[in-house]
Amino acid sequence: MPDWGKLSLILLACVVIIIFLERWFKKQFKIPKSEGFINKPVNKVHKRLEILLIIGFIIGYVSTGSVQLLFWFFISLYILRSLMQWLFRREQKQYILELFGLVLYLTIMIIFKVMFM
């Protein structure tokens, strides 16, 4: 059973670090501010691929009941978004933030696995 106080503190620290690092990345690489909190697809192909990824996750989860699929879903989502932004909007440099998000996600998952499993 995880210690919820410790878990809350770690999550809070991660959120604060992520906010500061994201601002630093935006300033360092001159990445323009995004137009909202939700990531918008680059084009119709990107939108359809994300929908297929979501449908695939739902089907996989319903058929297996494996929570580990969520881990792979987010990895796939970050990779897809990074690739599509790099291919079609390279000049905006948003793909750097997506790759940064992927690295952070993997780091946080490793920390939680080591601490709570």
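FYI, it's all coordinate maths here, none of it is from the lab. None of the values given here were measured: they were computed from a predicted structure. Ideal geometry is used to build each Cβ from the backbone, glycine not excepted, and the neighbour counts take in all protein chains shown.
Distance check, please: which entries in Lys40/Lys113; Lys26/Lys113; Lys30/Lys93; Lys26/Lys93 exceed 20 angstrom between their Cα atoms?
Details: Lys40/Lys113 31 Å; Lys26/Lys113 29 Å; Lys30/Lys93 8 Å; Lys26/Lys93 9 Å.
Check vs 20 Å cut-off fails for Lys40/Lys113; Lys26/Lys113.
What is the Cα coordinate range of segment 33-89 on the first, second and third principal axes, sorted by size from largest, in whole angstrom?
Dimensions of segment 33-89 along the principal axes of its Cα atoms: 38, 20, 17 Å.
With the contact rule set at Cα under 8 Å and sequence spacing of 6 or more, what percent relative contact order holds for the chain?
Relative contact order for the chain comes out at 27 percent.
Are there GluC sites (Glu not before Pro) in segment 3-87 that DSSP marks as loop and that have at most 14 other Cβ atoms within 10 Å, and which are they? Before the final figure, lay out the partial values.
On the way: sites: Glu22, Glu35, Glu50; in loops: Glu35.
Answer in residue order: Glu35.
Of Gln85, Gln28, Gln94, which is the most mobile in a GNM of the chain whose springs link Cα atoms less than 10 angstrom apart?
Gln28
Given segment 4-116, report the % of alpha carbon pairs whose separation exceeds 23 Å.
Percent of Cα pairs beyond 23 Å in segment 4-116: 40.
Output ³J(HN,Hα) for segment 70-87: one whole-Hz value per residue in order, computed from phi by the Karplus curve 6.51 cos²θ - 1.76 cosθ + 1.60 with θ = phi - 60°, and x for Gly and Pro.
Per residue, the Karplus-derived 3J(HN,Hα) values read 4, 4, 5, 4, 5, 4, 4, 5, 4, 5, 4, 5, 4, 5, 5, 5, 5, 6 Hz.
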